[in-house]
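Encoded as structure tokens, the structure appears first; notes follow it.
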4 protein chains.
Amino acid sequence: MQIGIVGLGRMGANIARRLIRGKHEVVVWNRSSGPAEEVGKEGASVAKDFDDVIAKLKAPRVVWIMLPAGQVTEEAVKEFAGKLSPGDIIIDGGNTHYKDDVRRAKEIEPKQLHYVDVGTSGGVWGLQRGYCMMIGGPDAIVKHLDPVFDTLAPGLGDIPRTPNRGNRDSRAERGYIHAGPAGAGHFVKMVHNGIEYGLMQAYAEGFDILKGKNSEELPQAQRYNLDMADIAEVWRRGSVVSSWLLDLSAAGLAQHPTLENYAGEVSDSGEGRWTIEAAIEEAVPANVLSASLYARFRSRKEHTFGERLLSAMRFGFGGHVEPK
Amino acid sequence: MQIGIVGLGRMGANIARRLIRGKHEVVVWNRSSGPAEEVGKEGASVAKDFDDVIAKLKAPRVVWIMLPAGQVTEEAVKEFAGKLSPGDIIIDGGNTHYKDDVRRAKEIEPKQLHYVDVGTSGGVWGLQRGYCMMIGGPDAIVKHLDPVFDTLAPGLGDIPRTPNRGNRDSRAERGYIHAGPAGAGHFVKMVHNGIEYGLMQAYAEGFDILKGKNSEELPQAQRYNLDMADIAEVWRRGSVVSSWLLDLSAAGLAQHPTLENYAGEVSDSGEGRWTIEAAIEEAVPANVLSASLYARFRSRKEHTFGERLLSAMRFGFGGHVEPK
Amino acid sequence: MQIGIVGLGRMGANIARRLIRGKHEVVVWNRSSGPAEEVGKEGASVAKDFDDVIAKLKAPRVVWIMLPAGQVTEEAVKEFAGKLSPGDIIIDGGNTHYKDDVRRAKEIEPKQLHYVDVGTSGGVWGLQRGYCMMIGGPDAIVKHLDPVFDTLAPGLGDIPRTPNRGNRDSRAERGYIHAGPAGAGHFVKMVHNGIEYGLMQAYAEGFDILKGKNSEELPQAQRYNLDMADIAEVWRRGSVVSSWLLDLSAAGLAQHPTLENYAGEVSDSGEGRWTIEAAIEEAVPANVLSASLYARFRSRKEHTFGERLLSAMRFGFGGHVEPK
Amino acid sequence: MQIGIVGLGRMGANIARRLIRGKHEVVVWNRSSGPAEEVGKEGASVAKDFDDVIAKLKAPRVVWIMLPAGQVTEEAVKEFAGKLSPGDIIIDGGNTHYKDDVRRAKEIEPKQLHYVDVGTSGGVWGLQRGYCMMIGGPDAIVKHLDPVFDTLAPGLGDIPRTPNRGNRDSRAERGYIHAGPAGAGHFVKMVHNGIEYGLMQAYAEGFDILKGKNSEELPQAQRYNLDMADIAEVWRRGSVVSSWLLDLSAAGLAQHPTLENYAGEVSDSGEGRWTIEAAIEEAVPANVLSASLYARFRSRKEHTFGERLLSAMRFGFGGHVEPK
């Protein structure tokens, strides 16, 4: 089907490509012209501005916005909402907070515009592996867009099928779900990222304990000098902890066994934070997901005021001075 | 090669079977005769006691002990150490604490016996998928046993190879590693299980937040009624959180979407606990792995004394009474 | 000075009383007449509605709103803002989110009304011990209200003075601070409550470990049957962990050594939750404060979906069934 | 009564002094002669070696060992056990692991020697405030030593008495308890220190959130520049979080409001670690106490291998590079 892709960053450009390869008619726009021209060469029609995107599409138009979450996306949604016609569809494929989706869907409803939120996982690998998509929006509209999602999704591939799924919705097996009304797609994607932080931190702590087995905290006789790269590799083979994140760890460790190419200052994005806020709103305990987020916060600091306060208290009650 | 398997529980019996299928000459012993007879029918030679195991093997003998960790294994190792001859090899394939391995290796050294510890992951799936093995012991002995490990391991299979491994030890790719001297195998397996707890808890918390999105803690308008089984399924397809544990979750949820067949009282084994002790010995922070263990502890209690103390304090300073 | 107290719950009534005893001229209003009549007998002038509160006060009027946080307070602030005159002062003494304070202060500024937020700690003990107050608002207004705060605060009392305070603001020593502009009072009070949760949970876990030393998880020979009440008492005497919360614990345990009068379902209020949100906004790690909140969440549940999912995974990889 | 004090570090010397002031007959020994001479001038009899300690005491002798926990104390106990006579008493007043107490008590039992373990809190303030003591050992022996404990303890002082204690053991009110058999004293002291870590970290995180309210993570308009010293001070006055540790924090902050005199590298001692091990043995969840310990571990590192692994994974799935 015909679709406009607005924003050709790493994700947007590859989504456009995968759609082109799937024989969809793709109109693209990007702030800077380079990426647009590139995708243009691969078969997309390049629009020069938002009006041109609209002009190049036939009603009911489908505009997939793939811009950095926050203000930029908010403004693009607003602008398209002002220019599109009844029956047209706005898709936000970025990392928007689901409460913003709920609000926007309501805001554009009086104009008879439809809003669909798509949480996408797959990162730089999506073009090749396909995108895992979690979708929120009205039932009929999500069904209407099915050819797009079907093309972008990984499909059954060679991943073994889960037994006992019976008559369940086959879209899940093919890599996308219609999670619920507006916001539900981004909500599920948000929790996905929260889990991602937890999984990553579980590996991080485990490898720290393996590495630490050779540290000076231990008497010489109790140390092992373990091979991080080989351990990651062997766990990929029949162990309970095998995963795609472990595959990536094994690849990283094979190339740089001491990871000397990284400093260890770990960024976090909105979704890890929002997951904790959602847990708190629901009164769900989430020690692991919180600790994973906090480990990243701490990784970006030298020392905290709180740590100095601990030293001050220790001096106060015990006369302890810090090690020099 | 020739090998004795002592203990035919779920793991031991399947290890024996996989070795038989791999054309090794297997002598088996089990406390109760049923499992031994079964494996006997598949080609093993059945020994009637430990002496008979020894009698049926040619020197240098290899005895793989696969008994429940703790006292039972300890006594079996002791007894074999008393009966075997110089050059013979004792393998502990169970879930022994690595410090016991270190001690035992030293204890049997004067008798010129060799001790090898093998941490095995793969559970009930090992017969079919192969066992992921982490091995500790003397270099020459581990090399000598290579045919056994090679048969038991999954091999390259159809798992994509990690790039940039270059000249690295190919055993890791085939599913087993020689981690280091005595105890190193069980140490790596121990941390593996610690990580396993962390990964599991990350999924558990994430699904709790998904499920809780429909809870009465939230205003009606902010609720989603999400499909747990489909979410688990879709994440298997191209998402960052795909893993074998997620595959199992998807399978469990497909069969029982509300998991009403489980109460939620979650056991823990020694290895999760020992991982935390190792972290503490090394002064490595491990919030995620600890929280994962504690979540299991708490799942087995109704209420704690500490929780009642919180209520007592709240009453003390604010006159707060508990909800009825 | 003259002041109106709107809302005579546990806190409001005692604040009114302490002001009356301090020779202030107090006008009170309460939704139900009982509490108002009682405080009236002690010297307050009882207003029959908000207009009457305003009528009974001379300009510049001071109205202290002491209602349950949330909608009720919001509406009272709005209503007074509509009825008061330029130069009048609205104080919110409840547990409002500091961001609401910031918003309200801005909203009423065009009317030349002043907004002051006061976080108060002291609970049911405030009448007797005085209230610890954290105040946000314009400098001149907070100064103008000083007689009120000075009366409500505990004063120097017999608490030993902190050395080296030099020329620092003496209000802190007397039990109140002007923390900053609008919202700063409630922000500091919010973090105060976050810390409170953490302190309480530290004691709760410690006493759980003391109590658990007699549990069936341990071999008989490793158990101690410790006296919780005496331990709490002795720690009040010269130990590093002495505190007011410990005093309250000791009192609760002396009366009910097994705390059999509590179930252990522990409530939480907004401030504990908001503290975590503030930590996340600031990218400050807060494992202890989060875990304290989560322990309360968990205390109110029987089992979680996540715990059942753990059991499902354990069954999946190891055939483990739950203990019956 | 007559007592030997072996080891005159900060704690031992002041314990000797408090006993001398309480009219006990004190024999002291110290590895280096300086401290012994000093205490000698204040009235102690100085022994030149362990034999001399024994010679200077009348049977049944009481020897209080106050040496650094671990090997030094272990050897001193062994040596005295070899030299003392039936009926004599060895007290370990240091920070010994309670399991070592249990073992030692059994080891010296055949010699008819008695073993008493005393956990003491009070730090550098004990001489002045008295020591809070938790005692393990045989009932008759602890009773026999009562004059010593009574002198060392703070006594009732001016701390308000806990209501409803009725006929309970008055020793708790006076600052010492007989917690149970051998090891029980050090076990209770161990948990005391575990709680201490938790309390300290609760304050540390809270003050971090207060401090962070002025950080660049926040938009300018959402910042407050709060006064840490005044906040700590005001909370000492009638608030729920008042405690001795808060007093110390207020003192530290009054002197150095930015705590620039500390780096924030926080040590931990055995007892915080052992508390977690005890929790794990008892299957008691202890997220707060663990997180407190881990925060100290992390405070002493620059970056962890695990943090670098997180960066490696993030690069792997998303092409994310670290901020530079």
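The values are calculated or read from the model by the stated rules, or taken from the named source; none is laboratory data. Keep in mind the model is a prediction, meaning the values are calculated, not measured. Neighbour counts are summed over all protein chains in view; Cβ atoms, including those assigned to glycine, are modelled from backbone coordinates with ideal geometry. These accessible areas exclude ligands, DNA and RNA; they are computed on the full protein's heavy atoms, side chains included. Shrake-Rupley method; radii C 1.70, N 1.55, O 1.52, S 1.80 Å.
The residues on offer are D:185, D:180, and the sole one that is at pLDDT 95 or above and on the phi > 0 side of the Ramachandran plot is D:180. Only one of the numbered conditions (1) without any contact (Cβ under 8 Å) to a residue 40 or more places away in the chain; (2) more than 8 Å from chain A (Cβ to nearest Cβ); (3) hydrophobic (A, V, I, L, M, F, W, C); (4) assigned to a helix (DSSP H, G or I) is not met by residue B:234, and that is (2). Checking A:96, A:73 one by one, the residue that is hydroxyl-bearing (Ser, Thr, Tyr) and touching a residue at least 40 places away in the same chain (Cβ under 8 Å) is A:96 and no other.
The combined condition, being at pLDDT below 95 and touching a helix residue (DSSP H, G or I) at 6+ places or on another chain (Cβ under 9 Å), is not fulfilled by residue A:93. Report yes if residue C:262 is surrounded by fewer than 21 Cβ atoms within 10 Å (Cβ to Cβ) and aromatic (Phe, Trp, Tyr), otherwise no. Spelling it out, it is not the case that residue C:262 is surrounded by fewer than 21 Cβ atoms within 10 Å (Cβ to Cβ) and aromatic (Phe, Trp, Tyr). Candidates in segment D:258-268 are the residues that are within 9 Å of chain A (Cβ to nearest Cβ) and closer than 27 Å to residue A:293 by Cα; of these, the one that is nearest to the chain's Cα centre (by Cα) is D:267. A residue that is under 12 Å from residue A:312 (Cα atoms), more than 7 Å from every other protein chain (Cβ to nearest Cβ), assigned to a loop (DSSP other than H, G, I, E, B) and more than 18 Å from the chain's Cα centre (by Cα) can be found somewhere in segment D:246-257. Of all residues assigned to segment A:136-147, at least one qualifies as being in contact with an Asp or Glu (Cβ under 7 Å, 6 or more places away or on another chain) and open to solvent by less than 10 Å² (accessible area, probe 1.4 Å).
Residues in segment A:214-230 that are within 7 Å of another protein chain (Cβ to nearest Cβ) and either crowded, with 24+ Cβ neighbours inside 10 Å or out of contact with any strand residue (DSSP E or B) (no Cβ under 9 Å at 6 or more places or on another chain) (or both): 5 in all.
Where residues in segment D:269-290 are at the interface with chain A (Cβ under 10 Å from one of its Cβ atoms) and outside any helix (DSSP H, G or I), which of them is most open to solvent (accessible area, probe 1.4 Å)? Here the residue is D:269. Among the residues of segment A:24-65, the one identified as in contact with a helix residue (DSSP H, G or I) (Cβ under 8 Å, 6 or more places away or on another chain), within 24 Å of residue A:150 (Cα to Cα) and exposed (fewer than 15 other Cβ atoms within 10 Å of the Cβ) is A:42. The single condition from (1) open to solvent by 70 Å² or more (accessible area, probe 1.4 Å); (2) modelled with pLDDT of 95 or more; (3) within 27 Å of residue A:270 (Cβ to Cβ) that residue A:86 fails is (3). Here C:200, C:133 are screened, and the one residue that is outside the structural domain of residue C:100 (by the TED database) and of a type in the set (A, V, I, L, M, F, W, C) is C:200.
Scanning segment D:295-306 for residues that are at the interface with chain A (Cβ under 9 Å from one of its Cβ atoms) and without any contact (Cβ under 8 Å) to a residue 12 or more places away in the chain yields D:298, D:302, D:303, D:304, D:305, D:306. Residue count for segment D:265-281, restricted to those that are touching a Pro at 6+ places or on another chain (Cβ under 7 Å) and aromatic (Phe, Trp, Tyr): 0. For residue C:96, state whether it is touching a His at 6+ places or on another chain (Cβ under 9 Å), open to solvent by less than 50 Å² (accessible area, probe 1.4 Å), among the β-branched types (Val, Ile, Thr) and at negative phi. Here the answer is yes, as residue C:96 does meet what is asked. When the residues of segment B:192-212 are filtered to those that are within 7 Å of chain A (Cβ to nearest Cβ) and in contact with a strand residue (DSSP E or B) (Cβ under 9 Å, 6 or more places away or on another chain), the one that is farthest from residue A:98 (Cα to Cα) is B:192. Of everything listed in (1) part of a helix (DSSP H, G or I); (2) facing chain A (nearest Cβ under 9 Å), the single unmet condition for residue B:154 is (1). Inclusion of residue B:70 among residues that are open to solvent by less than 30 Å² (accessible area, probe 1.4 Å), on the phi > 0 side of the Ramachandran plot and not charged (D, E, K, R) is not warranted. Filter segment B:116-151 down to residues that are assigned to a strand (DSSP E or B) and of a type in the set (A, V, I, L, M) and give me whichever is nearest to residue B:68 (Cα to Cα). Step by step, filter segment B:116-151, then rank; the result is B:118. Taken over segment C:151-181, the criterion of being in contact with a Pro (Cβ under 8 Å, 6 or more places away or on another chain) and either surrounded by fewer than 24 Cβ atoms within 10 Å (Cβ to Cβ) or outside the structural domain of residue C:24 (by the TED database) (or both) is satisfied by C:174, C:181.
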